[in-house]
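Written below as structure tokens is the structure these notes are about.
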Amino acid sequence: MTAKIFHPLLALIASASSNELAKYVEFLKEENKILRARIPGQVHTKPDERSRLIKLGKALGQAIEELITLVAPSTFYRWCREADSGKKKPNPKGGQRKPREIREFVIEIAKTTGFGYTRIIGELRKVGIKGISRQTVRNILKEEGIVPGPDRTSDCWDNFVKRHAETLWAVDFFSVKTVTINGLREMYLMAFLCLSSREVIVSSSTEHPNSTWVVEQTKEFLDQTINREQKPSIVMHDRDTKFTKDFTATLKAKGVRTNVLPIASPNLNGRVERFVQSIKYECLFKFILFGKRHLDHVVSEWVQYYNTRRSHMERDHLPPLRKRAPKAVRKLSRDKIEVRSYVGGLVNSFERKAA
């Protein structure tokens, strides 16, 4: 049996009539227009890509003018002339393509530092590379798909978070409804979260989250963390009006500065908001909460479980307060593992029995 060596598209074309071929071409042209519209700016071809286009395009004759969309027909004809002559049209500015080692070095600097053109040239000058211009750096980055611009030298949010993570805390308010003798009431709490360890400290609740209450909870947070080796240095928060000047002054008095997030930027405080979602859906929404004391007890129990037992993906599946992973074992018999319950039996945790 003859092996199937033809591409399905070739087989389709071979069996098609002239009218059908025209329809195929029209469809492919329209599809190409849609794809090109998705790509901003110019598409820069590499030498091997250009050679393939020249080889296929020459066979089409003048029909190439109707088909080509990557570049203008005049550009394609120029490619053909350069290929036939065996040399590229000289650069009117006298520039030459830089050696591969320099190109790779420019790309490495850009990817490693995020610097713009001028800063990259500065790094090159520091190691003695002088024969390269700002325009050349621009061309190299453009060919590699590295989009340069004025923002490349500015610090990004992720870098800020990574740099300060161990001493950077985020704070936010959340509320939950409880049953009281006066009916259903909204109770408010404050959640402080360390961005490095993901440890959480949650305040006691209140029905009236005024400035006095906020300051009291902030002092409690400072009392629990200020004497640590990695004590808080920055507390970031949104623009909720409950974060008053007294709140800021309380932190400042202990050497902790605040970082107010920009307007309409919920993702920047996403880690603490993700915790709020966890405590609500994994715990609070599964209870009928009767007043402040009951709410505070349930929250305290669940936060203790969260900090000491609940695994966290960003912590390599360790709980926030566990600094080292348990020693790896090849085999572990079931009788050495026990199931412990927390938060009144709401959650179970598989743990090794004490030796």
For segment 100-154, size of Cβ-based charge dipole, Lys and Arg +1, Asp and Glu -1, in debye:
220 debye
Could you give the dipole magnitude of segment 161-315 about its Cα centre, charging the beta-carbon of Lys and Arg +1 and that of Asp and Glu -1, in debye to the nearest 20?
260 debye
Calculate, in nm to one decimal, what Asn267 and Asn182 gain on full extension: separation in residues at 0.36 nm each, minus their alpha carbon distance.
26.9 nm
Sorted on mean Cβ neighbours within 10 Å (highest first), peptides 183-190, 73-80 come out as 183-190, 73-80
Along its three principal axes, how long is segment 100-154 when you only count alpha carbons? Whole Å, largest extent first please.
27, 21, 19
For Tyr24 and Glu108, what does the FRET efficiency come to when R0 = 41 Å and r is the distance between their Cβ atoms, rounded to the nearest 0.05?
0.40
Rounded to the nearest 0.05, what FRET efficiency do Arg119 and Thr241 give with R0 = 45 Å and r taken as the Cβ-Cβ distance? Could you check?
0.65
For Leu318, residues with placed amide H under 5 Å, excluding near neighbours:
His312
Going residue by residue through segment 317-326, the Karplus relation 6.51 cos²θ - 1.76 cosθ + 1.60 with θ = phi - 60° gives ³J(HN,Hα) values, rounded to whole Hz and with x marking Gly or Pro, of 6, 9, x, x, 8, 9, 8, 10, 6, x
Most packed first (mean Cβ within 10 Å per residue), the peptides 255-263, 27-35 order as 255-263, 27-35
Using amide H atoms built 1.01 Å from N in the peptide plane, name the residues 5+ places from Met236, or on other chains, whose amide H lies under 5 Å from its own.
Trp169, Ala170, Val171, Asn259
Regarding segment 296-355, what's the average projected area of the Cα-atom convex hull, expressed in nm²?
5.0 nm²
Taking 7 Å along the Cα-to-C-beta vector as the label spot, tell me the Glu351-Val215 distance in nanometres, rounded to one decimal.
4.0 nm
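Using the Cα centre of segment 42-86 as the reference point, and only Cβ charges (+1 on K/R, -1 on D/E), how large is the resulting charge dipole? Debye, rounded to the nearest 20.
In total the dipole reaches around 120 debye.
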Net charge contributed by nearby residues that have their C-beta within less than 11 Å of Arg271 (K/R +1, D/E -1)
-1
Compute the normalised compactness of segment 161-315: alpha-carbon radius of gyration over 2.2 N^0.38 Å, N being the residue count.
1.02
Tell me the net charge near Gly291. Cut-off is 13 Å between Cβ atoms, Gly291 excluded, with +1 for each Lys or Arg and -1 for each Asp or Glu.
+1
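Throughout, read-outs are computed from the coordinates displayed, never taken from laboratory work. Just so it is clear, the structure is predicted and the values come from calculations on it, not from any experiment. Cβ coordinates were reconstructed from backbone atoms using ideal geometry, including for glycine residues, and neighbour counts include every protein chain displayed.
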